[in-house]
Structure formats: C-alpha cells, structure tokens
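Everything on this sheet refers to the single structure shown next.
Values in this text are rule-based calculations from the coordinates and carry no lab data. Bear in mind the structure is a predicted one, so any value in this text is a computation, not a measurement. Every residue, glycine among them, receives a Cβ derived from its backbone with ideal geometry; neighbour counts consider all protein chains shown.
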Amino acid sequence: MTSDLTMTAFQMLRSLAWALVAAVSFSFAMGLAIKVFDWLSTDINEWEEIKKGNLGVALIFVAMILAVGLVLYKVI
C-alpha cells in the first residue's frame with residue numbers, strides 16, 4: 001500500500017519535472033526563433049509594424065510561433 005503511494009508520488013514528480021523541462025525548452029526555442037527571424041528580416045521592424053496594427057506581420061509571427069510549437073511538440 002505504501003509502496004503504491006510512493007510510486008504514484010514519484011511518477012507525479014517525474015511528470016512535473018518533464019513539464020518544467022518542456023516549458024523551459026519551448027520558451028528558449030521560441031525566443032531563439034523570434035530573434036533569428038528578426039535578425040534575418042533586416043528591412044522591416046516587425047515590432048513597430050505590429051504596434052501600428054499591421055495584421056500581415058502579426059499573422060507571420062503567429063504562423064512562425066505555431067510552426068516552432070509543432071516542431072517542439074514532436075521533439076519533446
């Protein structure tokens with residue numbers, strides 16, 4: 001009985017640790033992807049365009065975030 005409870009607690013902690021690793025990995029990769037995209041597109045200031053309400057630039061960022069998210073989902 002105690003062994004089952006200990007095993008369940010261990011599995012819960014392990015799941016929590018993996019969730020934490022996934023969250024940190026996702027945030028690091030997302031930040032890196034946005035930085036690389038910003039670095040590659042030197043002709044336009046994406047953040048200013050988004051602040052101005054440029055929907056096209058915002059949709060490009062959303063598509064990039066979803067694409068990186070899908071790749072990370074398969075990896076992690």
Neighbour-count ranking for W39, W18 (other C-beta within 10 angstrom, fewest to most) reads W39, W18
Partner aspartates and glutamates whose C-alpha sits under 18 Å from that of K52, ignoring same-chain residues fewer than 8 away, are D38, D43
Mean 1/r over distinct Cα pairs of the range 22-75, inverted to a Kirkwood Rh in Å, yields 11.8 Å
Placing each pseudo-label 7 Å from Cα in the direction of the beta carbon, I50 and A63 end up separated by a distance in nanometres of 1.6 nm
Note to self, the chain gives a 222 nm [θ] from helices alone (DSSP H runs n ≥ 4, -39500 (n - 2.57) apiece, / all residues, nearest 500) of -31000 deg cm²/dmol
Length gained, Y73-F37, 0.36 nm per residue minus C-alpha separation, equals 11.0 nm
Most fluctuating of M30, M64, M12 in the GNM of the chain (C-alpha, under 10 Å) is M12
Looking only at lysines whose Cα falls under 30 Å of K74's and that sit 8 or more positions away or on another chain, we get K35
